[in-house]
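One structure is given here, and the rest of the page talks about it.
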Amino acid sequence: MATRIKKSYRFAMRSAGLISMVLSALLGLLFYLQDYIDWFIWIVFALFSFLISLLIIQKRVERFIYKRIERIYNDVSLLQSSPIAERTITTDMRTLTNEIEKFAKDKKIEVDTLKIREEYRKDFLGNVSHELKTPLFTVQGYILTLLDGAMEDKNIRKKYLQRANKGVERLIYIVKDLDLITKLEVGDLHLELQNFDIIELIQSVFDLLEMKAAKKDISLSFDMDYEMPIMVRGDKDKIQQVVTNLLVNSIKYGHKNGTTEVGVENLIKNKVIVRVTDNGEGISKGNLARIFERFYRVDKSGSRTEGGSGLGLSIVKHIIEGHGEKIYVESVEGIGSEFSFTLERVPDNKS
């Protein structure tokens, strides 16, 4: 094994010094008892005993390290990306101890990280399986019913095909969101930055979701009259997706005859903050920390009846962070929620 050695003589020199001092003291005592002293012999003896002790101790220390400590390196190197042959083994016990402790600490962090990732992977696979299973079984059920003879009835055939088509559309919706979130998480977010009026964009989303909100008698409105445009810089299509996802979520968890208000405020350093506030169900403190996770749902049962992929808030977070901005959430269970995010404001002379 081609192991590089970083030699240290500190331990050996100290030990050899102590040994030579003891032996020299004994020789001096012997001279004293014989009432005779030869300084030349005494100094030579002290130097000779120091050198011999240094040589023996250093060799023994190195042998001990290579025969004993190297076993530890070999064991822990199983967790290393680089083999032991590429490492430097030191003969300094203090340095060696520090290295081993640091190595063990780093490996513990790595093991803990791997455990967290494994749990995350299991949760993710379980969530994907659950999300895809429901529409797949729905589509399969309608098709099997038609094949069993229901297709002979024209009305049933049309109704079941329409329902099967809705299931396929939900599958496509989930797969598209999965593809998008995968690209976002690997950093494959291509932003087409431009200046646009955020007030106009929000109003267009209001118009798109008007019918969806009307089904639950939820009003979509601004918190005040915005007579002048507020120009911001960002990817217009992706910011529209952010606003849409937040409003859809607000409608989904809103109370009947509820309200959802959107406000835009100027901040310092050429920033604006967009706030989406509702008086819906709200979110408990225990769920707040996890709402931006993929497939995480506050209401495990009711939310699925409303549809959606369970990826909306995760996509929102990645898009906003991809712009170098921040997203915030405040909520009180039973009272309502407020999601807000920042954007770069375009100065008036550049709008």
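Every number here is computed from the coordinates shown, using simple stated rules; none is lab data. As the structure is a computational prediction, the values presented were derived from the model and not from experiment. When we count neighbours, we look across all protein chains shown, and the Cβ atoms used for this are built from the backbone with ideal geometry, even at glycine.
In terms of the mean number of neighbouring beta-carbon atoms within 10 Å, the peptides 249-259, 143-153, 312-322 order highest first as 312-322, 249-259, 143-153. Packing here is the average count of other Cβ atoms within 10 Å per residue, and on that basis the peptides 235-241, 170-176, highest first, run 235-241, 170-176.
With 32 Å as the limit, the listed pairs LYS158/LYS215; LYS115/LYS252; LYS176/LYS285 have LYS115/LYS252 beyond it between alpha carbons.
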